[in-house]
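> This is the structure I have questions about; it appears just below.
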Amino acid sequence: MTGLLPGDPAATVGGVATERAFCVLAPNPSPMTLDGTNTWLLAEPDSELAVVVDPGPLDEGHLRAVLAAAEQRGKRIALTLLTHGHHDHAEGAARFAELTGTQVRALDPALRLGEEGLHGGQVIEVGGLELRVVATPGHTADSLTFHLPADGAILTGDTVLGRGTTMVAHPDGVLGDYLDSLRRLRALAAQHGVGTVLPGHGPVLTDALGTVEYYLAHRAARLAQVETAVEAGYRTAQQVVARVYADVDRALWPAAELSVLAQLRYLEDHGLI
Ligand SMILES: [Zn+2]
């Protein structure tokens with residue numbers, strides 16, 4: 001589950017993104033998943049071992065397309081990672097693990113296959129490829145970002161998307177956590193020269209810092225709109241959505257409602273309403 005404000009539909013998705021990252025686009029486009037889920041194949045150029053991030057939905061054709069892409073590039077998949085547990089990212093993981101014989105590592109123990117967990121602060125190394133795990137809860141409680149320092153890139157799952165903005169999936173997602181995560185990514189981008197965003201949906205972005213700053217500004221603006229709506233007497237999440245998200249495709253209103261619930265909780269927790 002993802003975006004609330006799809007933007008330019010012409011931007012291309014899939015294929016070579018950076019020296020170490022290749023995208024296989026899953027055939028599950030929708031207002032919530034934009035062009036579909038981006039499954040990422042990562043490897044050092046001179047290594048035959050690859051990591052897959054987010055196998056995507058349980059779609060045999062897609063999972064086999066990921067395998068074929070690895071084979072074409074002379075790679076063998078050695079590990080599967082999940083950015084979070086939403087079905088459009090994780091549903092195919094068990095089948096993919098079966099096809100590849102790999103472990104699945106995720107923050108949520110229920111999604112893991114194998115012994116090893118995954119959490120912020122860890123460094124994953126496969127065939128010389130280094131990924132630093134960054135805890136970025138907010139979209140969901142289990143959301144992670146993977147920092148690929150060699151390419152100055154971050155794989156953000158649904159925390160940052162290639163178009164529009166994402167949602168905070170109340171009650172699992174918490175807005176205060178999400179804002180903290182965006183600030184963490186802003187600091188990472190500023191201090192470690194991260195330029196590229198490899199998102200879970202939508203095209204690759206080349207201005208990580210600007211994008212995260214836009215997200216923070218957008219969240220602040222939406223929050224102010226919600227606060228104003230509540231002050232004007234709009235009480236339920238549905239009423240607030242109809243008021244504040246009038247510019248957004250109605251297909252996304254159910255998702256917007258979850259975001260509004262997260263915002264109402266944030267405003268309440270901070271004594272603002
Ligand atoms: Zn999601």
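> Restricting segment 88-113 to residues that are of a type in the set (G, A, S) and more than 16 Å from the ligand (Cβ to nearest atom), which is surrounded by the fewest Cβ atoms within 10 Å (Cβ to Cβ)?
By that ranking, first place goes to G101.
> Can you tell which of L175, L179, L188, L144 is under 23 Å from G56 (Cβ atoms) and not small (G, A, S)? First the steps, then the outcome.
Details: L175 fails: under 23 Å from G56 (Cβ atoms); L179 fails: under 23 Å from G56 (Cβ atoms); L188 fails: under 23 Å from G56 (Cβ atoms).
Just one listed residue meets the conditions, L144.
> So if I check each of L185, L161, L179, which one is surrounded by 20 or more Cβ atoms within 10 Å (Cβ to Cβ), in a helix (DSSP H, G or I) and modelled with pLDDT of 95 or more?
None of the others qualify; the one that does is L185.
> Another question, if that's okay. Taking segment 58-87, which residues are over 22 Å from E116 (Cβ atoms) and within 16 Å of the ligand (Cβ to nearest atom)?
L58, H87
> Among the numbered criteria (1) touching a helix residue (DSSP H, G or I) at 6+ places or on another chain (Cβ under 9 Å); (2) in contact (Cβ under 8 Å) with a residue 40 or more places away in the chain; (3) basic (K, R), which single criterion is violated by R163?
Status for R163: all satisfied but (1).
> Got a number for residues in segment 228-247 being surrounded by 19 or more Cβ atoms within 10 Å (Cβ to Cβ) and assigned to a loop (DSSP other than H, G, I, E, B)?
Number of matching residues: 1.
> May I pose another question? Surrounded by 14 or more Cβ atoms within 10 Å (Cβ to Cβ) and touching a residue at least 12 places away in the same chain (Cβ under 8 Å), is that true of G200?
yes
The values are calculated or read from the model by the stated rules, or taken from the named source; none is laboratory data. Just so it is clear, the structure is predicted and the values come from calculations on it, not from any experiment. Methodologically, a virtual Cβ is constructed for each residue, glycine included, from the backbone with ideal geometry; neighbour enumeration extends over all protein chains shown.
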